[in-house]
Amino acid sequence: MYKKFEAIMNKYMMPLAHKVDKQRHLSAIKASMVAMTPFTILGSFFSILPALPNMIGDNPISEFIINNQEIINLPVTLSIGMISLYVVMCISYHLGTHYKLYIPGCITLSTFAFLFISIQSTDDGLGYILKNFGANGLFCAMLVGIISVELYNWCKKKNLTIHMPEGVPDFVSKSFELIPTTIIVGGIFIVIRW
């Protein structure tokens with residue numbers, strides 16, 4: 001029975017799975033989510049620590065945890081609490097690598113676009129709310145990472161770039177090459193935010 005099931009799966013599902021695996025956007029998302037594993041493990045470990053005083057009662061370990069809540073919660077905030085920010089950077093890295101684009105440009109464009117879309121000001125205007133940087137913003141991060149790199153690739157294909165003379169160092173010419181792309185990507189995400 002199992003061999004028949006395995007044969008059917010190999011015949012019909014494996015080709016589909018290989019096609020999905022080769023799709024550039026899904027592959028970038030997959031690689032990015034796998035890259036987040038250490039951060040999720042770290043954040044998960046530190047999110048358990050505040051519950052320990054309830055389980056082990058009053059002792060020096062409990063006191064230490066209670067007195068250092070801020071520092072113990074920081075790894076949770078910087079890992080799981082900001083996972084969308086890391087995902088958008090990783091997706092733009094992997095997709096930019098696929099297209100052989102300038103990787104620092106891909107990462108900065110997508111990060112700018114994600115920050116622009118997801119950041120919210122506090123009511124008094126003196127700070128920012130980062131709630132969309134966690135798991136709440138993952139789908140948005142995936143879309144922004146893909147859209148911003150696709151726009152960069154489109155601009156490059158359409159030659160919407162600034163070309164510098166021959167003697168200009170490569171890192172300078174790459175930065176100037178990104179100016180029209182940054183205006184286009186920034187403009188599109190400003191319109192989306194508006």
* Structure fact -> Pseudo-spin-label distance residue 131 to residue 65, built 7 Å along Cα→Cβ, given in nm, is 2.7 nm
* Ignoring ligands, DNA and RNA, what accessible area per residue does segment 9-159 give at 1.4 Å, in Å²? -> 60 Å²
* Tell me, which longest segment in the chain has none of the trypsin sites (Lys or Arg not before Pro) that fall in DSSP loops with at most 13 further Cβ atoms within 10 Å? -> 1-99
* Asked: Is the shape of the chain best called rounded, prolate or oblate, per the rule: a/c under 1.5 gives rounded, else a/b larger than b/c gives prolate, else oblate, with a ≥ b ≥ c the square roots of the Cα gyration tensor eigenvalues?
  -> oblate
* For the chain, calculated [θ]222 nm from helices alone, where every DSSP H run of n ≥ 4 adds -39500 (n - 2.57) -> -23000 deg cm²/dmol
* Of all the accessible heavy-atom surface of segment 1-71, with the other protein chains kept in place and a 1.4 Å probe, what percent is carbon and sulfur? -> 69 percent
* Asked: Ordering 65, 129 by how much accessible area each has at a 1.4 Å probe, largest first, what is the list?
  -> 129, 65
* Among 30/174; 19/100; 30/131; 22/157; 22/100, which pairs are too far apart, with a Cα-Cα distance over 26 Å? -> 30/174
* Please calculate the 1.4 Å probe accessible area of residue 55, with all protein chains present, and give it to the nearest 10 Å². => 130 Å²
* Asked: Taking the chain as a Gaussian network, where each spring joins two C-alpha atoms under 10 Å apart, which residue of 13, 36, 82 fluctuates the most?
  -> 13
* **Linear extension gain, residue 163 paired with residue 77, 0.36 nm per residue minus alpha-carbon span** => 26.8 nm
* To do: Could you pull the accessible area for residue 124 with a 1.4 Å probe, rounded to 10 Å²?
  => 110 Å²
* Structure fact -> Everything considered on the Cα gyration tensor (a ≥ b ≥ c; rounded for a/c under 1.5, else prolate if a/b is larger than b/c, else oblate), segment 1-102 must be described as oblate
* To do: Roll a 1.4 angstrom probe over the protein heavy atoms and tell me the percent of accessible area of segment 87-147 that is carbon or sulfur.
  => 67 percent
* To do: Express in Å², to the nearest 10, the accessible area of residue 171 obtained by rolling a 1.4 Å probe over the protein heavy atoms while all chains stay in place.
  => 140 Å²
* Counting pairs of alpha carbon atoms under 8 Å apart in space and at least six apart in sequence, what relative contact order in percent does the chain give? -> 19 percent
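The values are calculated or read from the model by the stated rules, or taken from the named source; none is laboratory data. As the structure is a prediction and not an experimental result, all values here were calculated from the model. Positions of Cβ are generated from backbone atoms using ideal geometry, with glycine treated the same way; all protein chains shown enter the neighbour counts. The protein model used for the area step is the full one, side chains on, heavy atoms only, and it has no ligands, DNA or RNA in it. Shrake-Rupley method; radii C 1.70, N 1.55, O 1.52, S 1.80 Å.
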